[in-house]
1. So which residues in segment B:103-122 are facing chain A (nearest Cβ under 7 Å) and either among the aliphatic types (A, V, I, L, M) or open to solvent by 10 Å² or more (accessible area, probe 1.4 Å) (or both)?
2. How many of the residues making up segment B:128-154 are touching a His at 6+ places or on another chain (Cβ under 7 Å) and either open to solvent by 40 Å² or more (accessible area, probe 1.4 Å) or of a type in the set (S, T, N, Q) (or both)?
3. In this structure, does A:A252 turn out to be modelled with pLDDT under 85, on the phi < 0 side of the Ramachandran plot and not basic (K, R)?
4. Do we find that A:L288 is assigned to a helix (DSSP H, G or I), open to solvent by less than 80 Å² (accessible area, probe 1.4 Å) and on the phi < 0 side of the Ramachandran plot in this structure?
5. Got at least one residue in segment A:397-411 being surrounded by fewer than 19 Cβ atoms within 10 Å (Cβ to Cβ) and either modelled with pLDDT of 85 or more or in contact with a strand residue (DSSP E or B) (Cβ under 8 Å, 6 or more places away or on another chain) (or both)?
6. Criterion first (open to solvent by 10 Å² or more (accessible area, probe 1.4 Å), within 9 Å of another protein chain (Cβ to nearest Cβ) and part of a helix (DSSP H, G or I)) does B:D125 satisfy it?
7. If the Cβ limit is 6 Å and pairs must be 6+ apart or interchain, which residue in segment A:107-131 that is in contact (Cβ under 8 Å) with a residue 12 or more places away in the chain and farther than 12 Å from A:L223 by Cα pairs with which residue that is part of a strand (DSSP E or B) and charged (D, E, K, R)?
8. When segment A:363-376 is examined, which residues are found to be at pLDDT 80 or above and open to solvent by less than 60 Å² (accessible area, probe 1.4 Å)?
Amino acid sequence: MMLVLDIALTHVRSRLRQTLVGIMGVATGVGFSVMMASLMEGSQNDFVKQLVDSLPHISVTDDRRVPPQQPAEDQYDAVAYHSLSVETQRRGIKNPFAIMAALEGWLPGTVAPSVQTKSIIRYAGRDLAIAVIGIDPRREKKVSQLATQMKIGTLDDLYKASNAIILGDGMAAKLGIRIGNNVTVTATGGQAIRAQVVGLFHAGIKSVDESQAYVLVKTAQILSAQTGLINELRIRANDAMSARELASLVEAQTGYRATSWQEAHEDLMAAFQIRNVIMLMVVGAILLVASFGTYNIISTITHEKTRDIAILKSLGFREETVRRIFVLEGMMIGIAGVLLGWVFGYLLCRGLGLVEFKSGFTDATRLPLLYAPQHYAIAGGVALFASMLAGYLPARKAASVHPVEIIRGAS
Amino acid sequence: MKGAPVLEARHASRILPGEVPVTLVNDISLTIHLGEFVSIVGPSGSGKSSLMYLLGLLDVPTSGDILVDGASTKGFNHDRLAALRLSHLGFVFQFHFLLPEFTARDNVLLPMRALGTLSDAEQKDRANELLAQVGLKDHAHKRPDQLSGGQRQRVAIARALANDPQVILADEPTGNLDTASSAQVLTMLRHLVDEHGKALVIVTHDMALAAQADRRVTLIDGQIVSDEAIVQEAGVAG
């Protein structure tokens with residue numbers, strides 16, 4: 001209805017200062033909500049990305065979820081036994097290359113074999129317990145970000161020496177190792193080799209950089225004293241988020257334990273959930289406070305217009321029409337505020353994106369921000385709703401005022 | 001001069017509820033005809049304004065009925081009463097009650113736009129015509145605060161006439177005006193009755209003003225104590 005729009009526009013325009021304050025209130029709330037959401041989700045995504053990239057999405061290992069059935073358990077049914085000597089099982093995934101071929105047939109992603117051994121690295125009389133991972137450099141490039149995380153050297157440098165090793169830069173710094181140095185690596189089984197350091201990598205996660213080293217599969221097999229051993233298949237899914245579902249399929253097919261990165265970091269995922277709740281609460285609180293501001297301003301405007309409402313009603317305007325005028329005013333302020341708030345929020349994000357930031361755990365030099373349309377939509381939607389409500393509630397009250405009460409009071 | 005009955009109160013009472021109920025209007029029956037200029041007079045607190053609010057459908061009688069054009073309004077909700085006010089009644093109050101942010105013409109346009117029977121162009125024409133009638137042709141684009149008290153009241157009259165109502169109800173229309181402006185406003189109101197055959201009800205305590213009417217209804221304590229015709233001498237109203 002044009003008349004309603006006209007009256008609303010005239011009111012809003014004739015109270016320019018108040019209108020602007022209202023718009024600024026909404027805009028500030030929307031802007032900061034957008035910024036907070038962008039910051040929280042951005043930093044989380046950044047962290048997840050680092051986490052996901054530093055690890056294979058799915059790791060198929062020769063562990064089992066259920067301890068293997070022992071022969072004694074097969075033989076006797078209701079007998080209690082003590083001090084049973086458990087059958088030693090040969091480590092490793094059986095027929096790893098057949099399994100890989102089978103997986104590659106259907107899996108949306110790539111598979112690479114590796115050998116995990118626990119070892120002690122020794123250099124200049126100092127020891128460090130580390131995980132030595134035997135990899136196939138050509139395949140490894142496809143399943144992890146290791147190739148891009150190389151600080152010095154490349155993965156192919158592993159072929160350069162007979163026992164070449166690539167260390168995390170944190171470990172190298174701790175032990176004072178430089179490229180070309182020879183280190184002693186002793187596996188938990190007792191085998192020891194001399195290895196030459198040919199490269200350093202930096203994953204950006206301290207625990208990884210200080211405790212992981214890469215060698216060729218063959219070298220790791222020597223360390224484990226078991227030729228042909230493959231005890232982990234590393235899978236990189238095309239879609240990292242589908243890792244959990246894929247892992248259960250892989251597990252069902254191979255019978256080996258397939259751990260998705262989500263499962264491996266269940267604790268972090270839980271922490272993220274808490275973070276999300278906190279984020280929602282913070283953003284919600286900002287929106288709520290902003291909504292109160294909006295409500296306050298718009299309801300003040302409405303209250304000041306009580307006399308106009310009485311006039312319009314005495315002329316024969318219906319209550320519904322009068323209410324609509326004020327809801328519309330609230331919406332106008334709301335829409336203008338939301339639009340301005342979006343720009344404000346975007347600029348805030350841009351500004352924050354310029355801030356340099358140093359953190360001890362990861363090495364983001366800039367604040368990670370996520371530009372997501374849904375942040376804008378949610379912040380805008382809530383603000384708009386609050387503005388409409390702020391127009392509606394006082395207008396409902398004011399519109400039900402009897403014109404006689406106002407007319408009598410004025411004359 | 002006296003035409004068909006257009007507005008009628010039938011045993012209308014208005015009692016304010018409360019611990020001690022206050023009777024504003026007590027069992028009043030009154031018929032207003034087309035072409036009739038009625039003044040309602042009485043001391044303050046006599047219930048004359050309350051009666052006007054009842055007649056103007058701004059207030060609802062506690063008991064009794066108000067008939068517009070012979071039709072009962074008993075049990076009408078706010079919206080139906082508002083619709084009747086919009087099409088059948090015009091109001092002029094002591095205080096002009098114009099919307100302060102709107103120009104004179106926009107104020108006059110308000111009731112027409114709310115009713116919406118005329119096209120936009122017709123509405124504009126009629127608003128200009130009405131403003132010309134009240135002598136404010138050149139002030140159409142001024143806001144109320146740029147007009148004098150008399151001019152504002154004349155804009156209010158133009159607005160009251162916007163939807164061509166049969167009845168004009170005026171509550172102390174000259175109460176805030178100087179003598180010259182009062183005379184002007186009164187002439188205009190008189191003109192409506194004589195030339196356009198409308199019914200005019202004026203509530204006032206100004207006996208001089210009441211004397212201009214064709215009929216004077218006197219209220220005391222919410223009851224009609226006298227209802228007399230006044231014979232106008234030619235030229236007095238002019």
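The values are calculated or read from the model by the stated rules, or taken from the named source; none is laboratory data. What you are looking at is a predicted structure, and each value in this text was computed from that prediction instead of being measured. Cβ coordinates were reconstructed from backbone atoms using ideal geometry, including for glycine residues, and neighbour counts include every protein chain displayed. To get the accessible areas, we keep the full protein, side chains included, count just its heavy atoms, and leave off ligands, DNA and RNA. Shrake-Rupley method; radii C 1.70, N 1.55, O 1.52, S 1.80 Å.
1. Those that are facing chain A (nearest Cβ under 7 Å) and either among the aliphatic types (A, V, I, L, M) or open to solvent by 10 Å² or more (accessible area, probe 1.4 Å) (or both): B:L110, B:R113, B:A114.
2. 3
3. For A:A252, the condition - modelled with pLDDT under 85, on the phi < 0 side of the Ramachandran plot and not basic (K, R) - is not met.
4. No: the conditions fail for A:L288.
5. Within segment A:397-411 (the criterion being surrounded by fewer than 19 Cβ atoms within 10 Å (Cβ to Cβ) and either modelled with pLDDT of 85 or more or in contact with a strand residue (DSSP E or B) (Cβ under 8 Å, 6 or more places away or on another chain) (or both)), the answer is yes, since at least one residue qualifies.
6. Against the criterion (open to solvent by 10 Å² or more (accessible area, probe 1.4 Å), within 9 Å of another protein chain (Cβ to nearest Cβ) and part of a helix (DSSP H, G or I)), B:D125 does not qualify.
7. The qualifying pairs are A:G109/A:R236; A:T110/A:R236; A:A112/A:R234; A:S114/A:E232; A:S114/A:R234.
8. Selection gives A:L369, A:L370, A:A372, A:H375, A:Y376.
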